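Novice: Structure below; questions to follow.
Read-outs throughout are calculated quantities, based only on the coordinates presented, and are distinct from any laboratory measurement. Predicted model, so just to flag it, every value in this text is computed and none were measured. Counting neighbours? That spans all protein chains shown, and the Cβs are built from the backbone with ideal geometry, glycine included.
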Amino acid sequence: MPRRLAILLALVSLAGCDRNIEPFDPNEQPAQPDLSRIFPAGAEQPAQAGPPSLPPVPGGRGAPPLAAEAGPEGEDGPPISGRIEIPEALAARAPAGAVLFLIARRGPGPPVAVQRIAAPRFPLEFTLGPGDKMVPTIPFAGELTLSARLDADGNAMSRSPGDLQGAAAAAAAPGATGVAIVLDEVLGGQ
């Protein structure tokens, strides 16, 4: 039976393939494809002079500079370092095998930088910098709000009751040292 199935699959794949594969031609010149078979007449879009323009990324090239940027045109600044602790009263709530997420944000939108630390030991010394950026075009610059969450299931998108979280008392600029984050909030009010 397995041999019959293999033969049947081979026949079906040969019969179903109608691609016209031609041998490689080293003299062939690149050309725009003929889209008239795909798009009906009248569905053409106006030709654009160049790629569509997107709004500038805050602090990026073409945008006004942020007040606390480390360098010209939104260059990345040096890493931020500090320490993450859990108060003694909550230390027993830290689940074994949990994952720590360290997050730097600059206002609304995606995080500027994130670190995922499996099975952390507290107190934990950290360094968060340009190598941890989420979006390469968003500079590691300006005033950044740092927060951390000890997540029991290790999924950054979920927040389970009993997870611990905390944030730095004040925003930090790249190059800051001694930033303290205390995981003193229990999610779900437990």
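Novice: Being surrounded by fewer than 15 Cβ atoms within 10 Å (Cβ to Cβ), within 17 Å of Ala92 (Cβ to Cβ) and out of contact with any Phe, Trp or Tyr (no Cβ under 6 Å at 6 or more places or on another chain) narrows it down to one of Gly166, Gly175, Gly188, so name that one.
Specialist: Details: Gly166 fails: surrounded by fewer than 15 Cβ atoms within 10 Å (Cβ to Cβ); Gly175 fails: within 17 Å of Ala92 (Cβ to Cβ).
Criteria check complete, one pass: Gly188.
Novice: In addition: Counting just the residues of the stretch 105-123 that are closer than 30 Å to Glu88 by Cβ and in contact with an Asp or Glu (Cβ under 8 Å, 6 or more places away or on another chain), which one comes out surrounded by the most Cβ atoms within 10 Å (Cβ to Cβ)?
Specialist: Ala113
Novice: Would the stretch 116-125 turn up any residue that is aromatic (Phe, Trp, Tyr) and within 24 Å of Ala96 (Cβ to Cβ)?
Specialist: Scanning the stretch 116-125, I find at least one residue that is aromatic (Phe, Trp, Tyr) and within 24 Å of Ala96 (Cβ to Cβ), so the answer is yes.
Novice: I'd like to know if the stretch 145-166 contains one or more residues that are over 28 Å from Gly97 (Cβ atoms) and of a type in the set (A, V, I, L, M, F, W, C). I'd like the intermediate steps shown before the answer.
Specialist: Narrowing the stretch 145-166 to residues over 28 Å from Gly97 (Cβ atoms): none.
No: the stretch 145-166 contains no residue that is over 28 Å from Gly97 (Cβ atoms) and of a type in the set (A, V, I, L, M, F, W, C).
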